[in-house]
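Below is one structure, written out as structure tokens, with a few remarks after it.
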Amino acid sequence: MCPLQLRSYRGGLPQARLRRVLEYMQVHLDQELSLAALAAVAPMSPYDFSRLFKQSTGLSPHQYLLHQRVERAKHLLASPRRRIADVSQELGFPHQSHFATTFRALVGMTPREYQRQRGGE
């Protein structure tokens with residue numbers, strides 16, 4: 001599990017609600033998490049939740065989720081025997097190409113390059 005690092009912003013979600021939502025996201029990284037489902041964890045309207053979540057974290061709920069999935073992928077890819085397709089599926093990406101594109105955008109290299117750099121294949 002990736003540590004929850006929260007920036008300090010004025011306003012935003014109350015810390016208890018934010019922590020509850022972030023923990024929920026960590027547990028359900030492999031699932032499609034809609035804005036409505038995340039807002040229900042808070043509990044609040046999707047519009048207010050989205051606005052306050054971004055105010056609290058600096059990222060939209062979707063962007064935060066992608067960042068967390070990529071962080072988990074980095075840990076999984078440290079194992080040279082882990083297949084990239086399996087990691088992609090395990091983290092809830094609908095297609096391996098979407099996983100690779102997201103990973104490269106956030107890390108600066110492809111999952112395969114990252115795995116090789118970490119001693120894989």
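The values are calculated or read from the model by the stated rules, or taken from the named source; none is laboratory data. Given the structure is predicted, the values throughout are model-derived calculations rather than measurements. Heads up, the Cβs are rebuilt from the backbone with ideal geometry, glycines too, and the neighbour counts pull from every protein chain shown.
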Enumeration of residues in region 30-89 that are of a type outside the set (Gly, Ala, Ser), within 15 Å of the chain's Cα centre (by Cα) and part of a loop (DSSP other than H, G, I, E, B): Asp30, Gln31, Glu32, Leu33, Leu59
For a quick check of your reading of the model, give me the residue pairs whose first member lies in region 28-45 and is farther than 20 Å from Pro14 by Cβ, whose second is assigned to a loop (DSSP other than H, G, I, E, B) and hydrophobic (A, V, I, L, M, F, W, C), with beta-carbon atoms closer than 8 Å and at least 6 apart or on different chains. Leu29/Leu91; Asp30/Leu91
In region 75-121, which residues are surrounded by 15 or more Cβ atoms within 10 Å (Cβ to Cβ), small (Gly, Ala, Ser) and either modelled with pLDDT under 85 or more than 20 Å from Leu29 (Cα to Cα) (or both)? Gly120
Residues (touching an Asp or Glu at 6+ places or on another chain (Cβ under 8 Å) and of a type in the set (A, V, I, L, M, F, W, C)) located in region 88-120: Leu91
Counting only residues in region 6-24 that are out of contact with any helix residue (DSSP H, G or I) (no Cβ under 6 Å at 6 or more places or on another chain) and buried (at least 18 other Cβ atoms within 10 Å of the Cβ), the one farthest from Val70 (Cα to Cα) is identified as Arg17
